[in-house]
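Derivation of every value follows stated rules applied to the coordinates shown; laboratory data play no part. The structure presented is a predicted model; accordingly, all values stated were derived computationally and were not measured. We place every Cβ from the backbone using ideal geometry, glycine too, and count neighbours over all the protein chains shown.
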Amino acid sequence: MTDTSRSPSSPRSPSSLRSATRRSVLAAAVAVAAGGAVAATAAAADTGALRGPTGNRPTGNDPTGNRPPGKAPVRLVDNRFWTSYAHWSGGTHHGTRAVAATRPGIEIGTPAGTVEYADPHTGRTANWEYAVWTSPAHALSVPATEAIASWNARTPSGTWLQTELRATYSNGKRSPWYVMGRWTAGDDREGDTDTIRRTSVDDQKDGKTSVWTDTLSVDDPSKGLRLVSYQLRLTLYRKPGSTASPRVWRLGAMGSDVPDRFTVPASEPGLAEELKVPRYSQNTHIGQYPEYDNGGEAWCSPTSSQMILEYWGREPTAEQLAWVNPDFADPQVCHAARFTYDYQYEGCGNWPFNAAYAATYDDMQAVVTRLGSLTDVETLIAAGIPVITSQSFLEKELTGAGYGTAGHLMTVIGFTKSGDVIANDPASDDNEAVRRVYKRREWENIWLRTKRYNADGKVVSGTGGVCYLYFPARLNGAQVRALRAVGVR
């Protein structure tokens, strides 16, 4: 199986797909163990192995287009985020305290204790004070086969955080507490040993579910097991004796359960509008800083993130960019790659890490979710909110792309009068070439499908409507309504 939605893209080789990443190899091994072929039909039953870290899909609308007249849309995604002072005041506190501010959050009050952490990526072992907040249980409106957590936080030097998720299954049993990410905004490149390295955690499973880098997935959804509720646990860390603390403003998760499909119904065009989003090519950075997943050829996710951040008027300072070789153009793209890099995944495509990076900028918010159709994207574009999307395809499946990819992030910035997709595609030779127009029908299908055939004719996962949404803390009424319409509050 290929991890189609988190694999860094490699459009340098337009005649072939990128070889499977380390995560793809792990998923493929599970697929072999599960055994059995998948029928080439949109109704084919899925297995957790084929679903791997991708699996389910969208929000709000029924993507099958088959609901009876007058019936409410079938919801395929449940988003729940804790953001208010009342949210943070609830739950269970062990050393944490809620902070009432313009952006309410949670931070360390009186530490609950001290713990030792051995960083697997530096070899350093250190003691850390910690405090823990545990959310109330959230009952999923969509019994789910997947869950993805995301968070927005500040972590001063000498601090970091860990997000965990524990699910209750439809059979009444519980999963263990799964680590969904150990995260800090900084790193130790300049010799700052008072921090850890951002990391996902491999090899987490209980025989029913598994964590694939940043996604909790039911191993075999065909047997009917679902996640019916979950809790999140947030642990904040700091150096002993310090008064610094992480502060978290947004924490939540998306649960989803979407039927398998090789094709999706076409949506009707409803908007002709284009947002003015900066254009950056990842390919102009090929060979730069290869320690971050082989340099620019794999930087589709941070490059897309940087485009959207600058659309909202946020960018790194000259001081923050001082580490970048002055001969490199667009140093902010290098910066985004460095600070989204997951040292376990060995790539810049960890979904929550990209969202967390975006939220380190002043008054920014970011979530990982799934949408149900291009109609959802039109709703957001009409409100001035561009969308970073994940898709995978053969070269012949997307006219004008000029490459095929096992997983690629690009930014939807608008629609033509005929409804075709206007995308800033970082897999371009230079910044000027980044703006592309892709056929609506082709683009919608490669983004929303959950199954596809790779270059070898094997059935692998599709990306299924995955997207990042970045938006300011202060929104106008139309933007609030647009986000609510796609299930994000």
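General remarks:
- Packing, taken as the mean count of other beta carbons within 10 Å per residue, orders the peptides 371-382, 467-478 from highest to lowest as 371-382, 467-478.
- The E432 and S141 beta-carbon pair, evaluated with R₀ = 41 Å, returns a calculated FRET efficiency of approximately 0.40.
- Its residue count N fixes a reference of 2.2 N^0.38 Å for region 77-256, and the Cα radius of gyration divided by that reference is 1.04.
- Semi-axis lengths (Å, descending) of the ellipsoid that matches the C-alpha gyration tensor of region 298-456: 26, 18, 16
- Ordered from longest to shortest, the equivalent ellipsoid semi-axes for region 68-176 are 32, 19, 14 Å, each the square root of 5 times a Cα gyration tensor eigenvalue.
- Long-range HN-HN contacts of T96 with modeled amide H, under 5 Å: G109, V132
- Modelled spin-label separation between D363 and K239, with each label point placed 7 Å from Cα along the Cα-to-Cβ direction: 3.2 nm.
- Net +/- balance of residues flanking I108 in space, Cβ distance below 13 Å, scoring K and R +1, D and E -1: +3
- Computed from backbone phi, the HN-Hα couplings of region 150-163 come to 8, 8, 10, 7, 10, 10, x, 3, x, 9, 7, 9, 10, 10 Hz, rounded to whole numbers (Karplus: 6.51 cos²θ - 1.76 cosθ + 1.60, θ = phi - 60°; Gly and Pro given as x).
- Maximal additional length on extending the T399-E291 stretch stands at 35.6 nm, based on 0.36 nm per residue less the C-alpha distance.
- FRET E, pair K417, H121, Förster distance 41 Å, beta-carbon r, rounded to 0.05: 0.25
- Restricting attention to region 77-256, lysine pairs at least eight places apart or on different chains and with alpha-carbon atoms under 29 angstrom apart total 5.
- For A153, the residues whose modelled amide H falls within less than 5 Å of its own, excluding neighbours fewer than 5 places apart on the same chain, are W249.
- Label sites at R174 and K439, each approximated as a point 7 angstrom past Cα along Cα to Cβ, lie 5.2 nm apart.
- Distance (nanometres) between label positions extended 7 Å along Cα→Cβ at T110 and D327: 5.8
- Karplus-based coupling profile of region 166-174, in residue order and whole Hz: 10, 9, 9, 8, 5, 8, x, 8, 10, with θ = phi - 60° in 6.51 cos²θ - 1.76 cosθ + 1.60 and x standing for Gly or Pro.
- Taking Cα centre as origin and charging only the Cβ of basic (Lys, Arg, +1) and acidic (Asp, Glu, -1) residues, the dipole magnitude of region 77-256 rounds to 520 debye.
- Long-range HN-HN contacts of S428 with modeled amide H, under 5 Å: Q282, N283
- Coil-residue trypsin sites (Lys or Arg not before Pro) of region 236-303, DSSP, other Cβ within 10 Å capped at 16: K276
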